[in-house]
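> Mind having a look at this structure? Questions to follow.
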Amino acid sequence: MPEPIPLVDTHAHFVTPEYVHAARSAGHIHPDGMDNWPTWSAEEHLALMDRWGVAVSMLSISSPGTHFGDDAHARALSRHVNETGAAIRTAHPHRFGHFASLPLPDVDGALAELAYAMDHLDSDGVTLESNAHGTYLGDARYEPLYAELNRRRTPVFVHPTSPPHAEEIALGRPRPMLEFLFDSTRTVSDLVFNGVFQRYPDISWIFTHGGGTLPLLTERMELFRTVFAKGSTTLDPIPEQIARLWFDMAGTPFPHQIPALTAAFGHQRLLYGSDYCWTPAAGTTAQIASIDHAPQPHGDTWRNLTTRNAQRLFTRLAPLP
């Protein structure tokens with residue numbers, strides 16, 4: 001086996017007191033059905049990264065995002081969390097990266113924040129929620145944003161969020177348990193069937209939690225494209241489109257999820273993700289242990305494979321500290 005190299009965590013979160021206050025004021029007391037909000041500090045995160053063997057963590061704001069119903073407030077809140085994330089990266093340039101939040105469904109605000117984040121904050125990419133107040137990512141109103149993301153070749157980290165009417169369909173359970181995985185699949189299907197992946201091939205899309213239910217449902221989507229649906233023959237085969245996406249390991253990667261993902265789409269675009277701080281430290285410790293003790297790729301390790309993939313996607317990461 002090769003010597004292990006440090007992990008790159010592409011799915012890590014931070015919060016600020018101002019952000020949590022804004023979310024609670026908007027009614028997110030129990031965010032996505034969870035008991036409470038996490039706390040976060042750079043010092044604690046760095047200590048845990050050292051314990052876990054993580055070289056770099058890409059920080060982002062998780063669900064419910066930064067738009068709570070008012071465009072002006074969403075623009076201000078996005079600017080706050082983005083400047084905070086950029087300052088954390090500046091203070092620890094070899095340990096943290098940053099995905100900037102965009103205030104969708106406000107497209108004009110998202111375009112302005114994209115330009116500020118990439119041109120002034122030097123963000124590593126942007127993060128979007130899987131839907132914005134029920135508008136999924138394949139919606140035509142987002143075309144100007146995708147054209148600019150494609151022009152800039154900006155990585156887009158898509159984090160799942162609660163679907164519309166979540167209170168009725170989640171059966172009283174926290175939405176991250178089931179609904180997040182379904183919502184990621186739902187928004188990928190919207191992007192696929194509306195041709196977004198094909199029209200904007202220079203956007204690197206990152207999806208979470210081992211692809212959710214995509215390893216099981218991609219062939220079913222292809223069946224409906226080819227057998228039941230007319231007028232979609234201009235689309236590339238759906239398994240080919242989805243194999244061009246990037247996926248992280250956040251959640252319960254072994255013994256079953258990552259083998260299913262790599263059997264469906266290969267391992268060339270597989271990334272490591274912890275989901276800390278929304279996943280508590282003990283959960284991340286157990287997750288990394290499951291990765292290290294799982295059957296490893298032939299002649300390789302999951303740590304090394306995912307880190308090499310991250311270095312291909314984010315070229316500034318090579319060489320790692």
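> Hey, any hits in the stretch 139-151 for a residue that's among the charged types (D, E, K, R), closer than 30 Å to Ala91 by Cβ, modelled with pLDDT of 95 or more and part of a helix (DSSP H, G or I)?
Applying the first criterion (among the charged types (D, E, K, R)) to the stretch 139-151 yields 139, 141, 143, 148, 151.
Retained after the next criterion (residues that are closer than 30 Å to Ala91 by Cβ): 148.
Within this subset, residues satisfying the condition of being modelled with pLDDT of 95 or more are 148.
After this cut, where a residue has to be part of a helix (DSSP H, G or I) as well, the list is 148.
There is at least one residue in the stretch 139-151 that is among the charged types (D, E, K, R), closer than 30 Å to Ala91 by Cβ, modelled with pLDDT of 95 or more and part of a helix (DSSP H, G or I).
> Let me ask another. Only one of these is out of contact with any Asp or Glu (no Cβ under 7 Å at 6 or more places or on another chain) and either surrounded by fewer than 23 Cβ atoms within 10 Å (Cβ to Cβ) or aliphatic (A, V, I, L, M) (or both): Ala55, Ala100. Name it. Step through it out loud before you land on a result.
Numbers: Ala100 fails: out of contact with any Asp or Glu (no Cβ under 7 Å at 6 or more places or on another chain).
Of the residues listed, the single one that is out of contact with any Asp or Glu (no Cβ under 7 Å at 6 or more places or on another chain) and either surrounded by fewer than 23 Cβ atoms within 10 Å (Cβ to Cβ) or aliphatic (A, V, I, L, M) (or both) is Ala55.
> Hey, another quick one. Which helices (runs of 4 or more DSSP H) does the stretch 162-223 wholly contain that include 2 or more residues that are closer than 27 Å to Leu313 by Cα and modelled with pLDDT of 95 or more?
Numbers: elements: 166-169, 179-193, 196-199, 214-223.
The helices (runs of 4 or more DSSP H) meeting that bar are 179-193, 196-199, 214-223.
> I need the full set of residues from the stretch 302-321 which are surrounded by 14 or more Cβ atoms within 10 Å (Cβ to Cβ) and in contact with a Pro (Cβ under 9 Å, 6 or more places away or on another chain), in order please.
Trp302, Arg303, Asn304, Leu305, Thr307, Gln311, Leu313, Phe314, Leu320
> Going by the conditions given, is Thr218 within 13 Å of Val188 (Cα to Cα), in contact (Cβ under 8 Å) with a residue 12 or more places away in the chain and touching a Leu at 6+ places or on another chain (Cβ under 9 Å)? Don't jump to the end; show me each part of the working.
Numbers: within 13 Å of Val188 (Cα to Cα): yes; in contact (Cβ under 8 Å) with a residue 12 or more places away in the chain: yes; touching a Leu at 6+ places or on another chain (Cβ under 9 Å): no.
Criteria not met by Thr218.
> So which helices (runs of 4 or more DSSP H) are wholly in the stretch 4-118 and hold at least 2 residues that are under 18 Å from Leu320 (Cα atoms) and without any contact (Cβ under 8 Å) to a residue 12 or more places away in the chain? Write out each step before concluding.
Values: elements: 17-25, 42-52, 71-91.
Correct list: 42-52.
> Now a separate question. May I ask you to say which residue of Leu149, Leu145, Leu178 is free of Cβ contacts under 8 Å to residues at least 24 places away in the same chain, surrounded by 15 or more Cβ atoms within 10 Å (Cβ to Cβ) and out of contact with any Gly (no Cβ under 7 Å at 6 or more places or on another chain)? Reasoning before the result, please.
Numbers: Leu149 fails: free of Cβ contacts under 8 Å to residues at least 24 places away in the same chain; Leu145 fails: free of Cβ contacts under 8 Å to residues at least 24 places away in the same chain.
Sole residue among the options that is free of Cβ contacts under 8 Å to residues at least 24 places away in the same chain, surrounded by 15 or more Cβ atoms within 10 Å (Cβ to Cβ) and out of contact with any Gly (no Cβ under 7 Å at 6 or more places or on another chain): Leu178.
> Just need a number here: residues in the stretch 261-307 that are of a type outside the set (A, V, I, L, M, F, W, C) and touching a residue at least 60 places away in the same chain (Cβ under 8 Å). Break it down stepwise before answering.
Taking the stretch 261-307 as the starting set, the residues that turn out to be of a type outside the set (A, V, I, L, M, F, W, C) are 262, 266-269, 272-276, 279-280, 283-285, 287, 290, 292-293, 295-301, 303-304, 306-307.
The next check asks that each one be touching a residue at least 60 places away in the same chain (Cβ under 8 Å); those that pass are 272-276, 280, 284-285, 296, 299-301, 303-304, 306-307.
Selection size over the stretch 261-307: 16.
> Additional query: So which residues in the stretch 86-121 are of a type in the set (D, E, K, R) and touching a strand residue (DSSP E or B) at 6+ places or on another chain (Cβ under 9 Å), if there are any at all? Spell out the reasoning first.
Filtering the stretch 86-121 for residues of a type in the set (D, E, K, R) gives 89, 95, 106, 108, 113, 119.
Within the stretch 86-121, Arg89, Arg95, Asp106, Glu113 meet the criteria.
> Right, something else. Can you tell me which residue within the stretch 238-255, out of those that are in contact (Cβ under 8 Å) with a residue 12 or more places away in the chain and assigned to a helix (DSSP H, G or I), is surrounded by the fewest Cβ atoms within 10 Å (Cβ to Cβ)?
Going through the stretch 238-255, the residues in contact (Cβ under 8 Å) with a residue 12 or more places away in the chain turn out to be 238-239, 241-255.
After this cut, where a residue has to be assigned to a helix (DSSP H, G or I) as well, the list is 238-239, 241-243, 253-255.
Details: Ile238: 25, Pro239: 14, Gln241: 21, Ile242: 25, Ala243: 14, Pro253: 23, Phe254: 18, Pro255: 11.
In this case the residue turns out to be Pro255.
> Which residues, taken from the stretch 258-283, are under 30 Å from Val20 (Cβ atoms) and surrounded by fewer than 20 Cβ atoms within 10 Å (Cβ to Cβ)? Please lay out each step first, then the result.
Taking the stretch 258-283 first, the residues under 30 Å from Val20 (Cβ atoms) are 271-283.
Passing the criteria: Pro280, Ala281, Ala282, Gly283.
> Mind listing whichever residues of the stretch 284-296 are in a loop (DSSP other than H, G, I, E, B) and surrounded by 15 or more Cβ atoms within 10 Å (Cβ to Cβ)? Give the steps one after another, and end with the answer.
In the first step, residues of the stretch 284-296 are kept if they are in a loop (DSSP other than H, G, I, E, B); the result is 294-296.
Ala294, Gln296, listed by residue number.
> Can we say Phe68 is aromatic (Phe, Trp, Tyr), surrounded by 13 or more Cβ atoms within 10 Å (Cβ to Cβ) and farther than 24 Å from His209 by Cα? Spell out how you get there, then give the answer.
Details: aromatic (Phe, Trp, Tyr): yes; surrounded by 13 or more Cβ atoms within 10 Å (Cβ to Cβ): yes; farther than 24 Å from His209 by Cα: yes.
Yes; evaluated as a whole, the condition is true for this residue.
> Could you look through the stretch 4-43, keep only residues that are among the small types (Gly, Ala, Ser) and closer than 16 Å to Thr66 by Cα, and pick out the one that is surrounded by the most Cβ atoms within 10 Å (Cβ to Cβ)?
At the first step, the residues of the stretch 4-43 found to be among the small types (Gly, Ala, Ser) are 12, 22-23, 25-27, 33, 41-42.
Checking which are closer than 16 Å to Thr66 by Cα leaves us with 22-23, 25-27.
Details: Ala22: 19, Ala23: 21, Ser25: 11, Ala26: 15, Gly27: 11.
It comes out as Ala23.
The values are calculated or read from the model by the stated rules, or taken from the named source; none is laboratory data. This is a predicted model, so every value here is computed, not measured. Note that each Cβ is placed from the backbone with ideal geometry, even for glycine, and that neighbours are counted across all protein chains shown.
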